[in-house]
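Here is the structure we will look at, set down as structure tokens.
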Amino acid sequence: MSPIRSASIAALASAVLATTLTGCQFGEEQRDTSPIVIAADLELSGASAPVGKVYQRALELKIEQLNSSGALGGRKIQLKVKDNRSDAAESLRNINDFSNDSNVSAIIMGGCNECAVGAVRTIGEKRIPTIALAAAGAITEPIAQRRYVFKLAPNAVDSAGALTTELTRRNIRKVTVLHSADDYGQEGLSALRGEFTKAGIRLLGAEAVRTTDTDVTNQVASLVEPEPQALIVWTPPEQASLAAASARQAKFAGSLFFDASAAGDLFLGGAARTTEKATLIFTQTMVIDDVIATTPAKAARRQWFQGYTARFGGYNGFSSFAADAVQLVADAELRAGGEPGRVDRDALRDVLETSQLDGLSGPIRMTPDNHSGLMPQALTTLVARGGRWRLAG
């Protein structure tokens with residue numbers, strides 16, 4: 001073989017090998033297999049630990065489902081969790097740590113209103129997309145100062161509207177309110193006052209309780225004394241159960257109404273007797289086993305309900321918000337595109353701001369003017385019957 005022919009064959013072989021090794025440069029784009037890292041700041045100890053652990057379970061289950069579904073292409077979600085100990089200062093330290101980790105795409109915060117409100121400035125300065133599962137309106141408003149903050153919990157004004165509609169339907173005209181002393185509780189009382197004025201409902205009295213209180217007897221006694229037709233409880237689940245027990249002990253003859261923040265486990269356990277016939281405003285997923293799955297969204301909610309129940313032996317209403325937060329981040333990460341292996345938080349934020357999802361919690365719509373995405377129609381009326389929550393009607 002001549003030297004020229006030998007050199008030509010070698011050159012051709014080298015060209016074929018180079019094309020084989022770098023085919024993605026000449027054909028389809030390089031496949032992104034980098035992990036999607038989501039950080040979670042949760043109340044895993046302290047006063048709010050029960051709901052924080054619910055969120056952790058839900059995050060882990062949803063991530064497991066997405067990673068095994070193939071919906072993320074060649075990518076997988078990784079979860080980094082820190083305990084904020086139900087303390088706003090500890091939560092802020094966690095947010096700083098997560099923000100400084102260049103691999104983290106977004107943060108999911110738990111149900112602590114004080115933690116989320118206290119972190120909004122740092123979140124904005126660090127420019128890291130964050131979805132809070134807490135309910136206070138101050139988390140996302142004013143929106144010009146909350147560009148990187150979103151939330152998924154029910155809005156106070158929507159919950160107040162749904163409660164007032166049900167009170168009006170049942171011709172209840174005299175009520176009292178027990179509310180949490182935090183931002184969401186104060187916001188709820190204000191929203192209820194506005195709705196009551198429009199509906200002609202008289203507010204006979206209101207009392208506040210701290211989220212750490214383990215005795216609400218005096219407040220409830222004061223609220224049932226003027227004999228209202230209904231006592232509205234706008235507190236976390238622990239205080240709601242205490243309030244129901246105190247109202248029964250005080251021989252309250254009226255009706256009990258719970259805001260969405262009072263939701264918790266599907267089965268009422270030891271509180272079943274004192275909460276029987278109580279009304280709760282919450283999402284339909286809490287009782288999706290009572291609903292015929294006539295749409296793909298309802299079928300997905302039923303599947304989530306069954307998967308969570310099978311894994312953990314029961315269902316908690318707050319779990320769907322955590323799962324929806326994961327879905328929103330994953331969808332936004334895939335839609336944001338960008339250079340493989342590089343986290344682009346600004347692009348992720350921009351996509352989150354226009355996200356639409358028929359979520360496990362209900363319809364979710366984010367807009368540049370509204371970062372609190374859960375739609376009012378996600379809320380429905382439930383009733384405690386036979387030791388568990390059921391769809392009213």
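Listing for the model above:
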{"quantity": "Residues of segment 212-226 classified as surrounded by 15 or more Cβ atoms within 10 Å (Cβ to Cβ) and part of a loop (DSSP other than H, G, I, E, B), total", "calculated": "2"}
{"quantity": "Checking Leu266 against (1) more than 19 Å from Val104 (Cβ to Cβ); (2) open to solvent by 60 Å² or more (accessible area, probe 1.4 Å), the condition it does not meet", "calculated": "(2)"}
{"quantity": "Evaluation of Ala230 against (1) at pLDDT below 95; (2) touching a strand residue (DSSP E or B) at 6+ places or on another chain (Cβ under 9 Å) (one fails), failing number", "calculated": "(1)"}
{"quantity": "Residues being on the phi > 0 side of the Ramachandran plot and at pLDDT 95 or above - total across segment 51-85", "calculated": "1"}
{"quantity": "Flag for Arg248 being closer than 18 Å to Ala384 by Cβ and either among the charged types (D, E, K, R) or open to solvent by 60 Å² or more (accessible area, probe 1.4 Å) (or both)", "calculated": "yes"}
{"quantity": "Answer from Asp350, Asp331 - the residue that is farther than 24 Å from Lys298 by Cα, open to solvent by 40 Å² or more (accessible area, probe 1.4 Å), touching a residue at least 12 places away in the same chain (Cβ under 8 Å) and not aliphatic (A, V, I, L, M)", "calculated": "Asp350"}
{"quantity": "Enumerated strands (runs of 3 or more DSSP E) restricted to segment 55-162, each holding at least 3 residues that are open to solvent by less than 10 Å² (accessible area, probe 1.4 Å)", "calculated": "104-109, 130-132, 149-151"}
{"quantity": "Candidates Glu207, Glu238 - the one that is touching a strand residue (DSSP E or B) at 6+ places or on another chain (Cβ under 6 Å) and not aliphatic (A, V, I, L, M)", "calculated": "Glu207"}
{"quantity": "Positions within segment 170-211 being open to solvent by less than 50 Å² (accessible area, probe 1.4 Å) and in a helix (DSSP H, G or I), in sequence order", "calculated": "Tyr184, Gly185, Gly188, Leu189, Ala191, Leu192, Gly194, Glu195, Phe196, Ala199"}
{"quantity": "Unmet criterion (only one of (1) open to solvent by less than 60 Å² (accessible area, probe 1.4 Å); (2) not in a helix (DSSP H, G or I)) for Arg390", "calculated": "(1)"}
{"quantity": "Close pairs (9 angstrom Cβ cut-off, 6 or more residues apart or separate chains): within 21 Å of Ile288 (Cβ to Cβ) and of a type in the set (Ser, Thr, Tyr) in segment 353-380, assigned to a strand (DSSP E or B) and open to solvent by 10 Å² or more (accessible area, probe 1.4 Å) anywhere", "calculated": "Thr380/Leu391"}
{"quantity": "Candidate set: segment 141-163, residues that are small (Gly, Ala, Ser) and touching a Phe, Trp or Tyr at 6+ places or on another chain (Cβ under 9 Å); chosen: the one farthest from Ala106 (Cα to Cα)", "calculated": "Ala160"}
{"quantity": "Residue match in segment 330-347 (condition: within 20 Å of Tyr55 (Cα to Cα) and within 21 Å of the chain's Cα centre (by Cα))", "calculated": "yes"}
{"quantity": "Qualifying positions in segment 287-311 - out of contact with any strand residue (DSSP E or B) (no Cβ under 6 Å at 6 or more places or on another chain), among the hydrophobic types (A, V, I, L, M, F, W, C) and surrounded by 15 or more Cβ atoms within 10 Å (Cβ to Cβ)", "calculated": "Ile288, Val291, Ala300, Trp304, Phe305"}
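The values are calculated or read from the model by the stated rules, or taken from the named source; none is laboratory data. Remember, predicted model here, so these are calculated numbers, not experimental data. All Cβ positions, glycine included, derive from the backbone under ideal geometry; neighbour counts span all protein chains shown. Remember, those area values only see protein heavy atoms, side chains included, never the ligands or the DNA or RNA. Shrake-Rupley method; radii C 1.70, N 1.55, O 1.52, S 1.80 Å.
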